[in-house]
Structures are given as structure tokens and as C-alpha cells.
Amino acid sequence: MNAPAIELNAVSKQYRLGENGYRSLREDIAELFRRRRHEPRLFWALRDVSFAVDRGEAVGIIGPNGAGKSTILKLLSRVTKATSGAVKIEGSVGSLLELSAGFHPELTGRENIYLYGSILGMKKSLIDKKYAEIVEFSGLDQFIDTPVKRYSSGMYARLGFSVSAHLDPDVLLVDEVLSVGDYAFQDKCIQKMKAYRASGKTVIYVSHNLDSVRSLCGRAILLKEGRVGYDGEVEKAICEYYMHSSQGQRARQDQKGAFEILDRKLIDSRGRACVIADSGERVRFELTMKTQEEINEAYYAVFIRRSDGFVVFDTSSDLLNGIRYGHGRAEKLSLKYELSINLLKGTYTLGCNIFGSLRDGPVECLFYEDNIFAFTVKDNISHQGIVNMNAKCSVDAF
Amino acid sequence: MLDKIYELVRYKELLLNITLRELKVRYKQSALGIFWAVLQPLSMTIIFTVVFSRLVKIPSDGIPYPLFSYAGLLPWTFLATSLSFAIPSLVSNSNLLTKIYFPREIFPIASILAAFVDFLIAAVIFSAVLILYKVRLTPNIFYIMPLLLIQTLLILAVSLFASAFNVYYRDVKYALPFVIQLWMYLSPVIYPVSSVPERLRSIYMLNPMASVIDGYRRTLLLGRPPDFYYLGLAAVVTLIMLLLSYKYFKSVETSFADRI
């Protein structure tokens with residue numbers, strides 16, 4: 001077996017916070033004479049991160065802002081050095097950058113292609129050879145002799161991406177390039193990266209666009225506060241990510257203190273706790289709780305949201321059974337919902353609302369949690385739309 | 001250290017492109033364009049001639065003052081332009097520095113190369129002035145090669161150190177114009193070396209620019225060889241400075257992206 005293309009061994013990276021090296025000489029000299037040294041505040045961007053990537057693998061790196069994703073890219077591209085640990089890379093490294101950082105506004109598109117190409121490490125002969133392809137890919141043929149300061153931001157990004165997309169490194173680092181450009185161009189970029197991967201190159205892809213990670217990568221690494229939170233299957237990593245982010249900032253409202261939640265479960269048709277469900281599978285959601293007060297007129301709602309926040313389904317016990325419940329104080333309750341996941345591929349979250357009346361007051365929301373579970377729906381067919389309508393099709397000649 | 005230099009050689013195409021960018025950008029959207037490169041030392045020469053040979057009489061070793069001061073201002077402008085572009089170059093390219101790896105000394109070196117092109121253009125005008133004044137050239141003129149080399153290495157030494165230092169302490173930016181001016185008064189640009197008191201001469205000549213400017217005047221205007229003792233001293237001082245500053249640059253280079 002070949003040596004891995006990338007190997008990180010117990011890598012940590014520390015930054016100094018605050019006036020990070022931007023001090024003036026006067027302050028530093030004053031520092032020398034001060035009795036008590038001013039301790040710089042330190043921040044670990046990465047702690048003890050280890051992973052290896054084989055040649056030909058496409059690995060997505062996901063995680064919330066500040067988890068250390070960009071720091072990993074900086075280490076891989078040799079822009080910065082690890083505080084401790086070892087970073088090993090086999091072969092040449094190319095960076096596909098978010099923006100055309102290397103462009104000079106006064107130069108024309110053509111001049112910038114050559115400049116930026118050489119910044120990225122392309123030889124002039126290679127740029128000459130690929131020039132026509134680059135211009136065609138960018139779709140900026142008409143404007144190629146215009147100074148890029150007259151370009152729109154979208155044109156800027158397109159030209160930048162087009163140049164770097166024609167690099168030919170062994171390891172390609174991609175940082176959130178898809179946040180710019182129109183839909184058609186984004187699609188072009190994804191196709192380009194897929195072609196890279198297909199040709200046996202190693203791709204490291206950092207993105208918040210989880211759908212693109214899903215379509216491009218065979219493996220994902222979830223970073224949490226500078227550590228590897230999960231490393232493996234893309235879907236699991238994405239679910240972990242949802243769960244993780246929901247714990248921190250779960251939209252939650254139970255200040256009434258009417259319920260104490262004892263347990264929560266999401267179980268698939270085979271009785272296992274589930275993160276991944278097949279499209280059409282029947283799953284069960286269970287919430288065990290204890291009332292803290294006497295509650296009347298209670299009813300229970302659940303809702304499912306798509307990753308973009310769109311509510312695909314919302315129902316309540318009130319609608320389903322027409323019953324409103326009354327509970328005494330310190331009663332244990334078990335809420336069970338069965339749902340058919342007639343949804344298309346993607347990541348969804350399940351939330352819950354409980355309404356009721358306390359001390360004969362008006363019926364109000366007593367409990368609200370937006371993101372109790374995250375789960376991924378698997379489907380072998382790439383349908384478009386929102387729901388799985390279990391389509392069957394036949395064409396008969398008669 | 002040798003492998004670092006070898007790496008720089010591998011990136012020569014990038015160096016060339018960054019230099020071209022500096023040149024193209026500098027004079028884009030300016031009406032006079034590259035003519036500015038000539039205008040700067042030329043106008044200074046005129047002003048100096050009026051002030052220092054008409055109003056205040058300053059000795060010039062028997063050389064016509066315009067010629068005398070132009071021969072000093074030309075290399076001086078090369079140094080001043082190089083430093084004022086090279087020293088802030090790392091900070092002004094921080095968007096690249098924090099994203100892509102390549103030898104970082106490319107930025108200061110490209111600034112120096114661009115200033116060198118300006119210098120060559122201004123030198124063409126200078127040769128016209130030499131003809132105008134009917135200066136007789138001798139084979140000693142070939143000594144300008146080592147002079148130019150020492151000067152360029154000196155500029156490189158100062159640029160590498162100060163550009164890296166500027167990443168950590170922006171004080172450099174404020175000190176720069178003042179230091180360049182101070183340095184000019186400490187170099188024989190306006191006055192000849194001969195007017196420096198003999199007992200101070202050995203300290204005065206520790207400044208490599210003193211030997212270099214004096215050398216240009218001797219070889220071009222007087223047709224004599226340079227003062228070899230002081231030129232050797234300048235070469236030694238320059239090489240030590242270059243070695244130290246390149247070492248410093250390389251040792252702090254890896255943290256540029258974090259500290260910029």
C-alpha cells in the first residue's frame with residue numbers, strides 16, 4: 001500500500017489572541033521594564049489533531065466557525081506552521097481559493113491570469129497551453145482585456161476560480177469556493193472537482209455547504225473546538241454536526257418549567273437508534289418527561305425541518321386524535337410519534353412543541369425545542385423536490 | 001540556507017511576474033508614466049544645483065555641480081525607491097501571504113527589481129548628461145559593475161530585515177521616510193567625501209553607501225578607480241548585513257501569516 005497522501009500526527013496550533021503582533025516597538029520596550037510580564041492570551045485553534053488521507057480520497061472538513069477548518073488548510077498549504085505535531089504531505093499542493101486574492105485591480109483579466117497562475121505555482125508554458133481553456137471556463141471572453149477593477153464581484157470570483165481550477169497538483173485544497181458565483185457556475189465547479197477526484201487526485205474540501213460535501217466527498221471529518229469530533233462516513237459526520245450545533249444554540253423555550261425532559265429517542269424500523277433513515281422508512285420518536293405542575297388542555301406537536309429551515313411537516317396530537325390531555329403534578333409521561341419518512345435525500349431536524357394551560361390560565365406554549373434530533377435520509381434515487389411520492393412509472397405500447 | 005536559495009530559483013517565474021506587476025501597476029493611470037522615474041532624480045538635481053552651488057557654495061571636487069549631484073542622486077534614488085516599496089511589501093501583500101505558500105522574500109526582491117528598472121531608465125538620461133558635459137570616459141568605468149552589485153546587495157540586506165520587522169512592528173512604516181532622509185545626509189550625496197573631516201573618515205566610511213557613491217563619482221566623472229580599501233570595507237559590511245538579515249528573515253518567515 002502506498003504511503004498516505006496527507007498525514008497529520010498529533011497536530012496542535014496555538015494563536016496569540018488580542019493585539020496579535022501588531023504592537024508598536026514602544027509597547028514592547030515598555031514591556032521589558034515592567035515588573036510583571038503581560039501574559040499574552042493564548043488560544044488553541046487545533047488540539048492534538050491526527051488523521052491520514054490516502055491518495056485519491058476526497059475528504060470534506062466540516063464544523064462550525066472557529067472549529068479550526070481554515071487552520072488545517074493553512075497548515076496543509078504551508079502558509080503557517082504547527083505549534084507541535086507533524087504535518088506530512090506527499091506531492092505538490094494546490095490551493096483553490098475562495099477569492100482571487102492574487103488579483104491586482106489595475107491589471108486586465110489576461111494579465112491577472114498569468115500573474116495569479118504563477119502565484120499558484122503554474123509555469124508560464126502551462127498557462128499558455130491552458131489559457132484558452134481558462135478563459136472559456138470563466139465565460140469572461142468579452143472582458144478579458146478590461147482591468148479587473150471594473151469587474152463585478154461575481155466575475156472576479158469566476159476568473160479566480162477558473163485559473164486555480166486548471167492547476168494540476170497532487171493534493172487539491174478547496175476552501176469554500178461555492179459561496180460565490182451563480183448556480184450554473186457552482187455546478188461547473190463541482191463537476192470540475194469531481195473530475196479531479198476521478199483522476200486519482202487527493203481533494204481536501206472545506207465547506208459549510210453540506211450538500212456539496214455530500215456530493216463530492218467519500219469521507220468527512222467533523223471538527224469541534226479544534227479537535228476531531230468525528231471522522232468517517234459523510235452522513236454520520238453531517239448528523240453529528242447538526243446535533244453538535246443544536247446543543248450549543250438550540251432554540252429552546254421551557255422557562256415555564258412545566259416539564260422536565262427525562263429521555264428522548266429516535267428509533268428506526270429495526271428498533272435501532274437512528275441517524276440515517278431510508279426514504280420511506282417508518283421511524284418512532286419518543287419523549288419521556290415528568291410534569292412539574294398541574295397541566296390542562298395539553299397537546300403535543302412535532303415538526304420536521306429541512307436543512308435550510310423549511311418546515312416540511314408539522315402535526316400535533318390535537319389534530320391527529322382530537323384529544324387534549326390533563327395531567328396532574330409529578331406525573332410521568334411518554335410521548336410517542338410514528339412517522340413515515342417520505343422525504344428525499346438530505347439532512348432534517350425534528351422539533352417539538354407542547355401547548356397547555358397552567359393554573360387555568362390561557363393555552364400557551366409550555367415547551368419548545370427546535371432541534372431535538374438530526375437525521376439523514378438516504379435514497380438510492382436522486383429525486384428532485386421535497387417529498388418521496390413513491391413514484392412508479394410504466395410506458396406501454398398498445 | 002542553500003536549499004532556501006535553490007527554492008527561490010525555482011520560483012523565478014513568479015518573481016518575474018510580481019516584478020512586472022509592480023512596474024505595470026506603478027505607472028498605470030498616470031499621465032507621465034515611466035517618465036516619473038527620470039523626473040525624480042532630474043528635478044532633485046536641478047533643485048540641489050540651485051541651492052547648493054548658487055545659494056550655498058558646496059565643494060564638488062572640481063566637478064560641475066549638476067553632474068556631481070546627479071551622480072549621487074541617481075544611485076540614491078535607486079536605494080530610496082527600493083526601500084520605500086520593498087519594506088512595506090510583505091504587509092501590503094498580506095492577502096496573498098496568508099493564503100498561499102511561496103518564498104516570502106519574493107515580494108521585497110520584486111520591489112527592488114522594479115526600482116532597478118527605474119534606475120536603468122534614469123541612467124540613460126544620465127549618460128546623455130555625461131555626453132552633454134563632454135565627460136571623458138576611461139576603462140575605469142567598468143568598476144561600476146562591482147559598485148552596483150554592492151549597492152544592490154546592501155539594499156537587499158536592509159529590505160529583508162526591515163520588511164520582516166515591519167510585519168511585527170508597524171513602527172517601521174513611520175520611521176522609514178525619516179531614516180531614508182537621515183541616511184542621505186550621512187552619505188555623500190550633496191557634498192563630497194573630501195569635505196568629511198579626516199579623523200571621522202574611518203567611521204563615516206562604515207556606511208557602504210559612502211564608498212559606493214564616492215566610487216561612482218570617481219569612476220564615471222573623474223575617470224579614476226574607486227578607493228579599494230573603503231570599497232572592500234563596504235563589501236564586507238554589506239555581506240555581513242546581508243547574511244544576518246537573510247537569516248533573520250528566514251527564521252521569522254513561518255510566522256508571518258499568523259502575525260501580520
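The values are calculated or read from the model by the stated rules, or taken from the named source; none is laboratory data. Everything quoted here is computed from the prediction, not taken from an experiment. Virtual Cβ from ideal backbone geometry, glycine too; neighbours counted across all protein chains shown. Remember, those area values only see protein heavy atoms, side chains included, never the ligands or the DNA or RNA. Shrake-Rupley method; radii C 1.70, N 1.55, O 1.52, S 1.80 Å.
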Subject >> Backbone HN-Hα couplings from phi across the range A:201-210 [Karplus 6.51/-1.76/1.60, Hz, Gly and Pro as x] >> reply: 8, 8, 10, 10, 10, 9, 7, 9, 7, 5
Subject >> Prolate/oblate/rounded call for the range A:6-244, Cα gyration tensor, a/c under 1.5 rounded >> reply: oblate
Subject >> Inter-chain Cβ neighbour average for residues A:69-78, partner chain, 10 Å >> reply: 2
Original post:
Put a dot 7 Å past each Cα toward the Cβ at A:Leu262 and B:Asp171; how far apart are the dots in nm?
Top reply: 6.8
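What FRET efficiency, computed as 1/(1 + (r/R0)^6) with R0 = 45 Å and r the Cβ-Cβ distance, is obtained for B:Lys247 and A:Leu17, rounded to the nearest 0.05? Present the calculation step by step, with values, prior to reporting the outcome.
Working: r = 29 Å, r/R0 = 0.65.
Given R0 = 45 Å and the Cβ-Cβ separation, E is 0.95.
Hey, if we sort A:Met122, B:Met145, B:Met1, B:Met241 by accessible area with the 1.4 Å probe, largest down, what's the order? Write down the numbers at each step before the final one.
Numbers: A:Met122 10, B:Met145 125, B:Met1 90, B:Met241 70 Å².
Order by accessible area, largest first: B:Met145, B:Met1, B:Met241, A:Met122.
Take the alpha carbon gyration tensor of the range B:1-70, find the square roots of its eigenvalues, order them as a ≥ b ≥ c, and report rounded if a/c is under 1.5; if not, report prolate when a/b exceeds b/c, else oblate.
Working: a/c = 5.59, a/b = 1.94, b/c = 2.88.
Oblate, because a/c is 1.5 or more while a/b does not exceed b/c.
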Original post:
GNM on chain B, C-alpha springs below 10 Å: top fluctuator among B:Val236, B:Val25, B:Val167?
Top reply: B:Val25
**OP:** With a cut-off of at most 13 other beta carbons within 10 Å, and DSSP calling the residue loop, which trypsin sites (Lys or Arg not before Pro) in the range A:77-173 qualify? Please list them.
**Re:** A:Lys123
Original post:
What's the center-to-center distance, using Cα atoms, between the range B:173-214 and the range A:169-235 in Å?
Top reply: 58
Original post:
So how strong a dipole does chain B carry about its Cα centre when Lys and Arg Cβ are +1 and Asp and Glu Cβ are -1, to the nearest 20 debye?
Top reply: 300
Original post:
Around A:Thr202, what is the net charge, scoring Lys/Arg as +1 and Asp/Glu as -1 over all other residues with Cβ under 12 Å from its Cβ?
Top reply: -1
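Assuming R0 = 45 Å, what is the FRET efficiency of B:Leu186 and A:Lys124, from their Cβ-Cβ distance, to the nearest 0.05? Don't jump to the answer; show the numbers that get you there.
Values: r = 43 Å, r/R0 = 0.96.
Calculated value: 0.55.
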Subject >> Delta accessible area of at least 50 Å² on complex formation, residues of the range A:112-129, 1.4 Å probe, chain isolated as reference >> reply: A:Leu115, A:Ser118, A:Ile119
Subject >> Residue-averaged [θ]222 nm for chain A, counting only DSSP H segments that reach four residues, each worth -39500 (n - 2.57) >> reply: -7500 deg cm²/dmol
**OP:** Please tell me which of these pairs span more than 26 angstrom C-alpha to C-alpha: A:Lys188/B:Lys24; A:Lys194/A:Lys378; A:Lys74/A:Lys345; A:Lys123/A:Lys192; A:Lys188/A:Lys345; A:Lys13/B:Lys247?
**Re:** A:Lys188/B:Lys24; A:Lys74/A:Lys345
Subject >> Centroid-to-centroid separation of the range A:119-161 and the range B:93-150 [C-alpha atoms, Å] >> reply: 32
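At the nearest 100 Å², what buried accessible area, both sides summed, do you get for A and B when the probe is 1.4 Å?
On the way: alone 21600 and 13520 Å², together 32190 Å².
Between A and B, the summed buried area is about 2900 Å².
If you take every DSSP beta bridge whose two residues both sit in the protein assembly as shown, what share of them, in percent to the nearest 5, is antiparallel? Numbers along the way, then the final one.
Numbers: 67 of 87 bridges.
The antiparallel fraction comes to roughly 75 percent.
Rounded, prolate or oblate: pick one for the range A:260-369, where a ≥ b ≥ c are the square roots of the eigenvalues of its C-alpha gyration tensor, a/c under 1.5 means rounded, and failing that, prolate if a/b is larger than b/c, else oblate.
prolate
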Subject >> Dipole in debye (nearest 20) - the protein assembly as shown, about Cα centre, beta carbon charges: Lys, Arg +1; Asp, Glu -1 >> reply: 2260
**OP:** Please list, in chain and number order, the residues 5+ apart from A:Gly85 or on another chain whose amide H is under 5 Å from its amide H, with Hs placed from the backbone.
**Re:** A:Ser12
**OP:** Among A:Gly326, A:Gly356, A:Leu339, pick out the residue whose Cα is farthest towards the positive end of the charge dipole of the range A:251-378, where Lys and Arg carry +1 and Asp and Glu carry -1 on C-beta, about the Cα centre.
**Re:** A:Leu339
Original post:
Which of A:Val148, A:Phe51, A:Val135 sits farthest toward the positive end of the charge dipole of chain A, with +1 on the Cβ of Lys and Arg and -1 on the Cβ of Asp and Glu?
Top reply: A:Phe51
Original post:
Using only helices, what value at 222 nm comes out for chain B when you add -39,500 (n - 2.57) per DSSP H run of length 4 or more and divide by the total residues, to the nearest 500 deg cm²/dmol?
Top reply: -22000 deg cm²/dmol
**OP:** Please work out the C-alpha center-to-center distance from the range A:270-312 to the range B:35-72 and express it in whole Å.
**Re:** 87
Original post:
Taking θ as phi - 60°, what are the ³J(HN,Hα) couplings along the range A:73-78 by the Karplus curve (6.51, -1.76, 1.60), each to the nearest whole Hz, with x for Gly and Pro?
Top reply: 4, 5, 5, 5, 8, 6
Subject >> Signed unit charges on C-beta, dipole axis of chain A, positive-most listed residue A:Leu96, A:Leu42, A:Ser382 >> reply: A:Leu42
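As an exercise, identify the chymotrypsin sites (Phe, Trp or Tyr not before Pro) in the range B:40-134 lying in DSSP coil whose Cβ has no more than 14 other Cβ atoms within 10 Å. Please report the intermediate quantities before stating the final value.
Working: sites: B:Phe48, B:Phe52, B:Phe68, B:Tyr70, B:Trp76, B:Phe78, B:Phe85, B:Tyr101, B:Phe116, B:Phe119, B:Phe126, B:Tyr133; in loops: B:Tyr101, B:Tyr133.
Answer in residue order: B:Tyr133.
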Original post:
How far apart, in nm, are the 7 Å Cα→Cβ label points at B:Ser127 and A:Cys365?
Top reply: 8.3
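All other residues with a Cβ under 14 Å from the Cβ of B:Leu186 taken together, and with Lys, Arg as +1 and Asp, Glu as -1, what is their net charge? Kindly include the intermediate steps, with their values, before the conclusion.
Values: positive: B:Arg201; negative: B:Asp214.
After counting each charged neighbour, the total is 0.
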Original post:
Which length gain, in nm to one decimal place, applies between A:Arg329 and A:Arg284 when the Cα-Cα distance is subtracted from 0.36 nm times their residue separation?
Top reply: 13.5 nm
Original post:
Order of A:348-356, B:56-64, A:371-379 by packing, highest average Cβ count within 10 Å first?
Top reply: A:348-356, A:371-379, B:56-64
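Inside 10 Å of the C-beta atoms of B:95-105, what's the mean count of C-beta atoms belonging to other chains? Before the final figure, lay out the partial values.
Working: counts 6, 7, 2, 5, 13, 14, 9, 6, 0, 0, 0.
Rounded to a whole number, the mean comes out at 6.
Find how much the distance from A:Ile386 to A:Leu319 grows on full extension, using 0.36 nm per residue of separation minus their present alpha carbon separation; answer in nm with one decimal. Could the numbers behind the result be given before it?
Values: separation 67, 0.36 × 67 = 24.12 nm, distance 2.26 nm.
Extending this stretch completely gives an extra 21.9 nm.
Taking beta carbons within 10 Å but only from partner chains, what does the mean come to for residues B:243-256? Before the final figure, lay out each step's value.
On the way: counts 0, 0, 0, 0, 0, 0, 0, 0, 0, 0, 1, 4, 3, 3.
Averaged over the peptide's residues, the number is 1.
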**OP:** With a Förster radius of 25 Å, plug the Cβ-Cβ distance of A:Ser153 and B:Tyr27 into 1/(1 + (r/R0)^6) and report the FRET value to the nearest 0.05.
**Re:** 0.40
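With all protein chains present, how much of the accessible area of the range A:251-378 (probe radius 1.4 Å) comes from carbon and sulfur, to the nearest whole percent?
That share works out to 45 percent.
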**OP:** Calculate the dipole size of the range A:251-378 relative to its Cα centre from +1 charges on Lys and Arg beta carbons and -1 charges on Asp and Glu beta carbons; express the result in debye to the nearest 20.
**Re:** 480
Original post:
How large is ³J(HN,Hα) for each residue in the range A:275-284, as worked out from phi by the Karplus curve 6.51 cos²θ - 1.76 cosθ + 1.60 (θ = phi - 60°), to whole Hz, x for Gly and Pro?
Top reply: 10, 10, 10, 6, 4, x, 5, 9, 10, 10
Subject >> Summed side-chain charge close to A:Val234 - residues other than A:Val234 whose Cβ falls under 10 Å, Lys, Arg +1, Asp, Glu -1 >> reply: +1
